[in-house]
1. Please give the contour-minus-distance gain from residue 185 to residue 52: 0.36 nm per residue of separation, less the Cα-Cα distance, rounded to one decimal in nm.
2. Could you pull the Rg and Dmax for region 70-167, using just the Cα atoms, both in Å?
3. Might you report the magnitude of the Cβ-based charge dipole of region 143-221 about its Cα centre, with Lys and Arg at +1 and Asp and Glu at -1, to the nearest 20 debye?
4. Starting from the Cα of residue 286, step 7 Å along the direction of its Cβ; do the same at residue 78; then give the gap between the two resulting points in nm.
5. Expected output is a single nm value to one decimal: the length gained when fully extending between residue 261 and residue 33, i.e. 0.36 nm times separation in residues minus the C-alpha distance. What is it?
6. How far, in degrees from 0 to 90, does helix 222-233 lean away from the longest principal axis of the Cα atoms of the chain, to the nearest 10?
7. Say each of residue 231 and residue 21 gets a label point 7 Å from the Cα, pointing the same way as Cα to Cβ; how far apart are those two points in nm?
8. Could you tell me, in Å, what Rg and Dmax come out for the Cα atoms of region 1-90?
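Read the figures in this text as sums done on the coordinates, not as results from a lab. Just so it is clear, the model here is predicted, and its values are computed rather than measured. Neighbour counts are summed over all protein chains in view; Cβ atoms, including those assigned to glycine, are modelled from backbone coordinates with ideal geometry.
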Amino acid sequence: MLLVTGGTGLSGQFVTRELVARGHAVRALCRQAPPPGTLPDGVEVVLGDLGDPASLRRATRGATGIVHTACTYTDSAVDVAAMAVLLEGWADGPFVYLSSLDVYGLTDADPVTEDAPLSESMNDYARGKVRCERRLLAMGRSAHVALRAPYIWGPHPIARRRLLPARLLEGRDLILPGRDAAEWSRYRDAWVDVRDLAAIVAACVERPPGVPLNVVTGHFVWHDLYETLLSLTGSASRLVHRPIEEIQDEDLARKELFARTWRFSEARLAATLGGFPRRPFEETVRDTVSVGG
């Protein structure tokens, strides 16, 4: 019985479905009872919370492996404490941890490989991911993997809420950094489709590599993403580029993250799995926008 934390969350829900489709018995840790049809038939639901160590101990009891997708996103102390409890209850099988590319901080490495040093400097979320990864590695066991994920999109309301900026939904101008096309066309980030991520997680459950992996489908230019969102939603917003020093926080929070030229390597992932699924960018964005909010 594999334990999946965050069973009804964006990643956990699709991971649970993929594991069941592959014939695995799954126990899903959920904060509340999931609505009918959310999870496949036969999934054992255990109610619990990352901030409740007793519930985590109950969830790990008898588990033959752990897939840890849940995260508070706002409190690294809770995330790290929960990781410690889950590792304490890891008695058998693989441990797959859903981490983040944020563990590299604002690195200038090009490309960013798994050998780049970890940094807690990005934000509290990244601090928690780095510390959880270190705890997993310190267990000294081979049947594990930390999957360092980028933006995760797909047909789930959580993904839709994260992808669509409030300004777009309100019809206000969308502000992005860049003096001209030559500059803004360099600003990009990485993404993965949650359905492809779920298949990668399942493959790592069945054959844990024992090393961290960057889980990247590809890279997108912020301008191109926003143009696609405007087309799909029919929003009245305009896409406006400005020099980054002229952009106010109320126009674009954490604007420096929209002026990066990231390039993350997925070579180790491809070599480890012998290839992996890659949905097209347009399909993933369309499916994310089309799902109910």
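1. Stretched fully, the residue 185-residue 52 segment lengthens by 43.3 nm.
2. Rg then Dmax for region 70-167, in Å: 14.6, 47.
3. So the dipole magnitude of region 143-221 works out to roughly 140 debye.
4. 3.8 nm
5. 77.9 nm
6. Helix 222-233 sits roughly 90 degrees off the main axis of the chain.
7. Going from the residue 231 label point to the residue 21 one covers 2.7 nm.
8. 12.0, 35
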